[in-house]
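First comes the structure, then the notes that go with it.
The values are calculated or read from the model by the stated rules, or taken from the named source; none is laboratory data. Since we're looking at a predicted model, the values are computed, not measured. Cβ: placed from backbone, ideal geometry, glycine included. Neighbour counts: every protein chain shown. Keep in mind that these areas ignore ligands, DNA and RNA; they rest on the heavy atoms of the full protein, side chains included. Shrake-Rupley method; radii C 1.70, N 1.55, O 1.52, S 1.80 Å.
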Amino acid sequence: MAPPGWPEIPREVADLAELPWVAGVPDQACGQALERLAGLHGFTPRRVHVIQEFPPTLALVAAGHGVAIVPELALLEVPAGEVVVTDIGGVGARRIDAVTRVSRTRSGEPDPVQAVVVSALRQATDLLAPQLAHRFHPTPQPPPEGDLRA
């Protein structure tokens, strides 16, 4: 994500190489994602701030101090327009797996408590996925009738 007032919003990983970073601490997921990204693309991030939590990271980006990598869930409470969410591919993604053990009945199904937890996780992701997709990856709107910019 980037500050909304910057004259040029980064559109590719190469655009990120020279920018100031509001970085996560190295032993947390966002700091590790930045290290992976920089290593894969051959640059050393210029960390102007190293922050442990999302609210100060978001505030520093909104104030124009740098770009940051944060999970989309951290952006749910951010007012529209406060930061720019870039759609740069290859920055990273999070995957959550639920590993269960075979129940004592040997049916191969999770036991009832595990089944409830897995079901709740599925329901939560089913509710969040459209909200995140709409908010951060909106469907492009067709140009207005009579507009020649196609």
Take the residues in region 106-116 that are open to solvent by 80 Å² or more (accessible area, probe 1.4 Å) and not in a loop (DSSP other than H, G, I, E, B), then tell me which one is modelled with the highest pLDDT.
116
Residue ID - farthest from residue 15 (Cα to Cα), chosen from residues in region 53-84 that are part of a loop (DSSP other than H, G, I, E, B), open to solvent by 50 Å² or more (accessible area, probe 1.4 Å) and aliphatic (A, V, I, L, M):
80
Residue satisfying all of: in region 1-45; over 16 Å from residue 57 (Cβ atoms) and among the β-branched types (Val, Ile, Thr); most open to solvent (accessible area, probe 1.4 Å) among these:
44
